[in-house]
Amino acid sequence: MRLPLLTLSLSLSAMALTLTSCQISQPQPKQAKYVFYFITDGTGVNTVLGTEQMLAEIQGRWGRDTLCMTSFPVVGVSSTYSDNSGITDSAASGTALASGTKTYNGAIGMDRDTGLCYGVAAWAHEAGVPVGIATSVSVNHATPAAQYAHVVNRNFYYQIACQLPTTDFDFFGGSDFHFERQYSSREYRDSVYQACQDSGYVIARGYDDYVAKAAEADKMILIQSLDRSLNVDDGSLPYAIDAKPGELSVYDITKAQIDFLYKKSEAKGGVGFFLMSEIGGKVDYACHAQDGATAFREVQLVDSCMRLAYEFYLQHPDETLILLTADHETGGLTLGCQSGGYVANFGLLQYQTCSVDAITGHFHALRSETKNHVSWEQVQEVLRQDLGFWGAVELTANEESLLKDIYARSFVGKMPNETNLYSENEPMAAVAVHMINDKAHLGWNTGGHTAGLVPVYACGVGAEQFCTHNDNTDFALKIARIAGYKK
């Protein structure tokens with residue numbers, strides 16, 4: 001029996017209302033209350049995979065020893081080019097990661113066309129969410145600076161440092177402030193410290209000092225000891241492979257950052273937090289030096305920080321987003337050398353016990369002790385202790401001959417040091433580290449950056465949005481949507 005047209009019309013209208021009502025009553029997508037935005041500098045897909053394969057080979061098997069971050073449910077990749085080059089620097093990539101804006105190499109928080117560009121950290125702060133910015137290098141280095149500063153040249157370190165206390169962000173962490181030569185005197189350093197204190201920041205030096213001061217601090221800056229900054233290196237924390245007990249690490253900073261921001265969130269009624277950390281700042285340094293063992297140990301340190309975030313996620317699984325990516329790849333790392341055939345021996349890197357920088361330091365100490373009359377036997381002992389040569393790492397006659405030639409040219413004669421972007425090394429240290437890389441069948445194509453794809457790992461609320469071929473301009477905008485920040 002046919003329904004009258006009026007009855008049919010009313011029935012369809014009722015059905016439409018019912019459907020509309022069902023749509024309105026559907027639950028809204030969850031928002032990320034706690035955001036972990038991690039960046040590992042200079043880290044390509046092969047940098048992570050090489051670490052996993054090295055760890056597996058150390059255990060006596062082929063394959064991967066899966067890291068925490070690579071076991072995340074969402075995996076993607078990202079391109080990294082800048083506004084004026086197919087190969088980015090850390091300033092342009094840091095700006096893209098912070099704000100979703102492509103800019104030219106060297107610029108921090110600056111758009112070529114419109115001037116200042118603000119990022120997700122500022123959007124979170126405007127939303128009333130506690131904000132923390134941290135790194136394993138200096139707090140005014142390119143990647144962390146891109147989250148809060150605006151300069152036309154990343155090398156304007158003093159200018160960047162002076163902008164930090166004006167942000168009113170809740171937490172900063174890193175090695176210290178680093179300054180260009182014309183601002184390297186103590187008065188400029190002290191003026192920045194004073195400006196931070198005048199803006200309400202408590203400065204803690206080391207994790208124990210953080211623990212002692214955190215309860216009374218409204219805003220915190222966690223950095224290393226002044227002695228290390230003045231006499232060793234203000235530009236970065238020690239490599240994981242070189243770290244001594246008691247020295248501040250990025251793991252300590254991450255632990256403090258989570259603790260401080262969570263307590264601030266609870267004090268504000270549980271509003272959540274935005275945590276950005278360049279936990280892999282020194283992966284880039286090691287790759288510039290083409291130091292595979294040091295880079296892989298640094299990736300392990302990155303993963304330990306990711307585990308801290310994952311432990312937090314397990315306590316707040318419906319409110320937390322964890323995201324890790326990199327600003328670019330450094331070194332053009334290949335897992336296999338042209339001359340090696342289908343062979344990998346990454347486990348050999350376990351016998352390298354310190355970075356190429358530290359090996360250089362050991363040779364410098366020998367030069368000082370002997371008034372520059374270092375014997376071949378003394379050089380051998382350093383290489384035996386630091387790289388396992390003439391022991392676990394066997395050398396061919398040609399390899400030993402090469403090392404003796406470098407000894408004659410650099411310790412007996414004069415030979416220029418090998419330089420990279422962040423360090424200058426003894427020829428013997430550089431050649432020996434290249435040698436163990438070759439024996440492990442690691443290949444390097446450059447001492448600089450490449451356009452290679454970088455990995456993306458995500459877990460938690462909204463993580464599925466990163467399961468794609470991302471661009472570095474995507475992350476800040478996606479985070480803002482997932483967390484409900486207004487741009």
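Below are the figures for this structure:
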{"quantity": "Residue satisfying all of: in the stretch 317-348; open to solvent by 30 Å² or more (accessible area, probe 1.4 Å) and assigned to a strand (DSSP E or B); nearest to residue 472 (Cα to Cα) among these", "calculated": "334"}
{"quantity": "Candidates 70, 66, 95, filtered to the one that is part of a loop (DSSP other than H, G, I, E, B) and not hydrophobic (A, V, I, L, M, F, W, C)", "calculated": "66"}
{"quantity": "Close pairs from the stretch 251-264: first under 13 Å from residue 240 (Cβ atoms) and free of Cβ contacts under 8 Å to residues at least 60 places away in the same chain, partner assigned to a helix (DSSP H, G or I) and among the β-branched types (Val, Ile, Thr), Cβ under 9 Å, at least 6 apart", "calculated": "none"}
{"quantity": "Where residue 459 falls short, out of the listed (1) in a helix (DSSP H, G or I); (2) touching a Pro at 6+ places or on another chain (Cβ under 8 Å)", "calculated": "(1)"}
{"quantity": "Matching option when the condition is over 18 Å from residue 248 (Cβ atoms), at pLDDT 95 or above, touching a strand residue (DSSP E or B) at 6+ places or on another chain (Cβ under 7 Å) and among the aromatic types (Phe, Trp, Tyr), among 156, 179, 169", "calculated": "169"}
{"quantity": "Residue match in the stretch 193-201 (condition: in contact with an Asp or Glu (Cβ under 7 Å, 6 or more places away or on another chain), of a type outside the set (S, T, N, Q) and modelled with pLDDT of 95 or more)", "calculated": "yes"}
{"quantity": "Filter result for the condition that a residue is modelled with pLDDT of 95 or more and within 30 Å of residue 314 (Cα to Cα), over 190, 218", "calculated": "218"}
{"quantity": "Selection count where residues are among the polar types (S, T, N, Q), surrounded by fewer than 24 Cβ atoms within 10 Å (Cβ to Cβ) and assigned to a helix (DSSP H, G or I), scope the stretch 124-183", "calculated": "4"}
{"quantity": "Tally of residues being assigned to a helix (DSSP H, G or I) and in contact (Cβ under 8 Å) with a residue 40 or more places away in the chain across the stretch 475-487", "calculated": "7"}
{"quantity": "Subset of the stretch 242-256 that is surrounded by 21 or more Cβ atoms within 10 Å (Cβ to Cβ) and among the hydrophobic types (A, V, I, L, M, F, W, C) - its residue that is farthest from residue 210 (Cα to Cα)", "calculated": "250"}
{"quantity": "Residue 229 vs. criteria in contact with a Pro (Cβ under 9 Å, 6 or more places away or on another chain) and of a type in the set (S, T, N, Q)", "calculated": "no"}
{"quantity": "Selection within the stretch 223-236 - closer than 23 Å to residue 299 by Cβ and either at pLDDT below 95 or touching a strand residue (DSSP E or B) at 6+ places or on another chain (Cβ under 7 Å) (or both)", "calculated": "224, 235, 236"}
{"quantity": "Candidates 437, 472, 425, 445, filtered to the one that is open to solvent by 30 Å² or more (accessible area, probe 1.4 Å) and touching a residue at least 24 places away in the same chain (Cβ under 8 Å)", "calculated": "445"}
{"quantity": "Verdict on residue 404 being open to solvent by 20 Å² or more (accessible area, probe 1.4 Å), among the basic types (Lys, Arg) and farther than 30 Å from residue 57 by Cα", "calculated": "yes"}
{"quantity": "Extreme residue, farthest from residue 209 (Cα to Cα), among residues of the stretch 221-241 that are in a loop (DSSP other than H, G, I, E, B) and touching a residue at least 40 places away in the same chain (Cβ under 8 Å)", "calculated": "241"}
{"quantity": "Yes/no for residue 192 being open to solvent by 70 Å² or more (accessible area, probe 1.4 Å), assigned to a helix (DSSP H, G or I) and β-branched (Val, Ile, Thr)", "calculated": "no"}
{"quantity": "Single residue of 318, 291 found to be over 30 Å from residue 30 (Cβ atoms), acidic (Asp, Glu) and touching a residue at least 60 places away in the same chain (Cβ under 8 Å)", "calculated": "291"}
{"quantity": "Some residue of the stretch 269-287 being crowded, with 18+ Cβ neighbours inside 10 Å, within 30 Å of residue 32 (Cα to Cα) and over 20 Å from the mean Cα position of the chain (by Cα)", "calculated": "yes"}
{"quantity": "Selection from the stretch 88-117 of residues that are at pLDDT below 95 and of a type in the set (Ser, Thr, Tyr)", "calculated": "114"}
{"quantity": "Subset tally (residues that are outside any loop (DSSP other than H, G, I, E, B), in contact (Cβ under 8 Å) with a residue 40 or more places away in the chain and within 16 Å of the chain's Cα centre (by Cα)) for the stretch 79-92", "calculated": "2"}
{"quantity": "Residue list for the stretch 259-316, filter: in a helix (DSSP H, G or I) and of a type in the set (Gly, Ala, Ser)", "calculated": "265, 267, 281, 286, 292, 293, 295, 304, 309"}
{"quantity": "Out of 440, 451, sole residue that is closer than 18 Å to residue 330 by Cα and aliphatic (A, V, I, L, M)", "calculated": "451"}
{"quantity": "Residue that is farthest from residue 429 (Cα to Cα) [pool: residues in the stretch 349-383 that are open to solvent by 50 Å² or more (accessible area, probe 1.4 Å), in a loop (DSSP other than H, G, I, E, B) and of a type in the set (S, T, N, Q)]", "calculated": "372"}
{"quantity": "Scope the stretch 378-408; condition under 20 Å from residue 361 (Cβ atoms) and touching a residue at least 12 places away in the same chain (Cβ under 8 Å); matching residues", "calculated": "378, 379, 382, 383, 385, 386, 387, 388, 389, 403, 406, 407"}
{"quantity": "Evaluation of residue 453 against (1) in contact with a strand residue (DSSP E or B) (Cβ under 6 Å, 6 or more places away or on another chain); (2) buried (at least 20 other Cβ atoms within 10 Å of the Cβ) (one fails), failing number", "calculated": "(2)"}
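The values are calculated or read from the model by the stated rules, or taken from the named source; none is laboratory data. Since this is a predicted model, take the numbers as computed values, not measurements. For neighbour counting, all protein chains shown are included, and Cβ atoms are generated from backbone atoms with ideal geometry for every residue, glycine included. Heavy atoms of the whole protein, side chains included, go into the accessibility calculation; ligands, DNA and RNA do not. Shrake-Rupley method; radii C 1.70, N 1.55, O 1.52, S 1.80 Å.
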